[in-house]
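Visitor: Mind having a look at this structure? Questions to follow.
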Amino acid sequence: MSGPGLVITIDGPAGTGKSSVAHRLAQRLGLEFLDTGAMYRAAALLALEQELSPDGGPVLAAAVERTPPRFDWCSSPPRMMLGGRDVSERIREADVTGIVSRVAACLEVRRQMVVSQRAAAAAHPRLVTEGRDQGSVVFPDAPLRIYLDAAPHVRARRRAEQLRASGRPASEREILQGILERDRIDSGRSEGPLRVPVGAECVDTSELDLDGVVERLEALARARLGERLAVPAAASRP
Ligand code: DC
């Protein structure tokens, strides 16, 4: 990224705790937080609501153009808004999760999202952004690029625990199958596939809890970015 911005990217597969980790890291470092998976999920919700094929790139992109997903940056973490509605919870439901990888494989949709993500970073230049292609495609010259990973069975167990904690039934075996299928689609697509960005710091979270991961990343960020993390004088004035 050029200019005075400070972007930290966090990529990795589903179930590595990326969103929670990225949000907590952003809070600790005094940065804002961008959940790019939520943008693809909002596009998937549009497909469901408008009965569009999740594989129909140009048609879906036109729908996204008409009703672009936007974040409400006044909340922390920012809420996902679609056509004036808060869909932050709705986009986590199983029907959206079931098709979102297909939506995210559409070239036309990805290109729109990349433009929106760069615009978000221009408006919110001190940012932790998480997704699958943030360090490899969207912000390849971000000063700190992180890749989080964990063994598939650990990722499935975490997802199951999350679902059960929110009162929803969860079969770990089915979740594991879903995770492996999403990994396959996310890594195999031609545009912005899930991969380790060149020069990224790789952290395996299989043996770490959330706090352990956040601490590890905070230490990495402070060591790498040092004074750049200090709030700029202009931003700290009343
Ligand atoms: O992180 P998540 O589960 O909310 O992501 C939802 C889907 O969007 C998942 O299939 C991966 C995809 N995605 C992507 O392709 N690129 C991103 N930058 C973020 C998410």
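The values are calculated or read from the model by the stated rules, or taken from the named source; none is laboratory data. All values derive from a computational prediction rather than experimental measurement. Glycine gets a Cβ as well: all are built from the backbone with ideal geometry, and neighbour counts include every protein chain shown. For the accessible areas, the whole protein counts, side chains as well, though only heavy atoms, and no ligand, DNA or RNA atoms are used. Shrake-Rupley method; radii C 1.70, N 1.55, O 1.52, S 1.80 Å.
Visitor: Viscosity 0.692 mPa s, temperature 37 °C: give me the Stokes-Einstein translational D for segment 1-60 in µm²/s, with Rh taken as the Kirkwood radius over C-alpha pairs.
Guide: 236 µm²/s
Visitor: Let me ask another. Given 5 Å bins starting at zero, what is the percent of C-alpha pairs of segment 120-163 in each, up to the one with the largest pair distance?
Guide: For segment 120-163, the pair-distance distribution reads 5, 17, 22, 17, 12, 13, 11, 2.
Visitor: Taking the Cα centre of the chain as the origin and placing charges on Cβ (Lys, Arg +1; Asp, Glu -1), which of PHE71, LEU46, ILE179 is farthest toward the positive end of the dipole?
Guide: Result: PHE71.
Visitor: Could you give me the ³J(HN,Hα) list for segment 175-189, computed from phi with Karplus coefficients 6.51, -1.76, 1.60 and θ = phi - 60°, whole Hz, x at Gly and Pro?
Guide: 3J(HN,Hα) across segment 175-189, in whole Hz: 5, 4, 4, x, 5, 5, 5, 5, 4, 4, 5, 5, 8, x, 6.
Visitor: Relative to the Cα centre, what is the charge dipole magnitude of the chain, using +1 at the beta carbon of each Lys and Arg, -1 at the beta carbon of each Asp and Glu, and rounding to the nearest 20 debye? Before the final figure, lay out each step's value.
Guide: Working: 33 positive and 32 negative charges, 66 e Å.
Once rounded to the nearest 20, the dipole reads 320 debye.
Visitor: A follow-up question, please. Count neighbours as other Cβ atoms within 10 Å of each site's Cβ, and list the GluC sites (Glu not before Pro) in segment 1-71 that are DSSP loop with at most 12 such neighbours.
Guide: GLU51
Visitor: I've got another one for you. With every protein chain left in place, what is the accessible area of ASP95 in Å² (1.4 Å probe, nearest 10)?
Guide: Spelled out: ASP95, probe radius 1.4 Å, area about 60 Å².
Visitor: How big is segment 1-127 by Rg and Dmax over its Cα atoms, in Å?
Guide: That works out to 14.4, 42 Å for Rg and Dmax.
Visitor: Let me ask another. Can you give the direction-averaged projected area of the convex hull of the alpha-carbon atoms in segment 120-238, in nm²? Don't jump to the answer; show the numbers that get you there.
Guide: Values: hull surface 39.8 nm².
Result: 10.0 nm².
Visitor: May I have the convex hull volume per residue, in Å³, for the Cα set of the chain?
Guide: Once divided by residue count, the hull of the chain is 128 Å³.
Visitor: Moving to a separate point now. Only Lys, Arg, Asp and Glu count, each charged at its Cβ (+1, +1, -1, -1), so figure out the dipole size of segment 75-139 about its Cα centre, rounded to 20 debye.
Guide: 160 debye
Visitor: Also, quick follow-up: How much accessible area per residue does segment 35-83 have, counting only protein heavy atoms and a probe of 1.4 Å, in square angstrom? Kindly include the intermediate steps, with their values, before the conclusion.
Guide: On the way: 2200 Å² over 49 residues.
Per residue, segment 35-83 has 45 Å² of solvent-accessible surface.
Visitor: Run the simple label-point estimate for GLU172 and TRP73 please: 7 Å along Cα→C-beta, distance reported in nm.
Guide: Taking the two extended label points, one gets 4.2 nm.
Visitor: Give me the percent of DSSP beta bridges within segment 2-144 that run antiparallel, rounded to the nearest 5.
Guide: On the way: 5 of 16 bridges.
Taking every DSSP beta bridge with both residues in segment 2-144, the antiparallel ones total about 30 percent.
Visitor: Per DSSP H run of n ≥ 4, the term is -39500 (n - 2.57); total these for the chain, divide by its residue number, and report the mean residue ellipticity at 222 nm rounded to 500 deg cm²/dmol.
Guide: Working: 9 runs with 115 residues, N = 238.
Calculated at 222 nm, the ellipticity per residue is -15000 deg cm²/dmol.
Visitor: In a Debye calculation with equal point scatterers on the alpha-carbon sites of segment 86-183 and no solvent, what is log10 I(q)/I(0) at q = 0.14, 0.16, 0.22 Å⁻¹?
Guide: -0.71, -0.90, -1.27
Visitor: Calculate the FRET efficiency for ARG195 and GLU89 from the Cβ-Cβ distance with a Förster distance of 30 Å, rounded to the nearest 0.05.
Guide: 0.50
Visitor: What is the sum of charges around GLY37, taking Lys and Arg as +1, Asp and Glu as -1, for the other residues whose C-beta is under 15 Å from the C-beta of GLY37?
Guide: My count for the surroundings of GLY37 gives +4.
Visitor: With a 1.4 Å probe and every protein chain kept in, tell me what percent of the accessible surface of the chain is carbon plus sulfur.
Guide: 53 percent
Visitor: Is segment 168-214 best put as rounded, prolate or oblate by its Cα gyration tensor, with a ≥ b ≥ c the root eigenvalues, rounded for a/c under 1.5, and otherwise prolate when a/b is larger than b/c, oblate when not?
Guide: oblate
Visitor: Same structure, new question: Under a 5 Å amide H to amide H cut-off, with H placed in plane at 1.01 Å, what residues pair with GLU32 once short-range neighbours are removed?
Guide: ARG126, LEU127, VAL128
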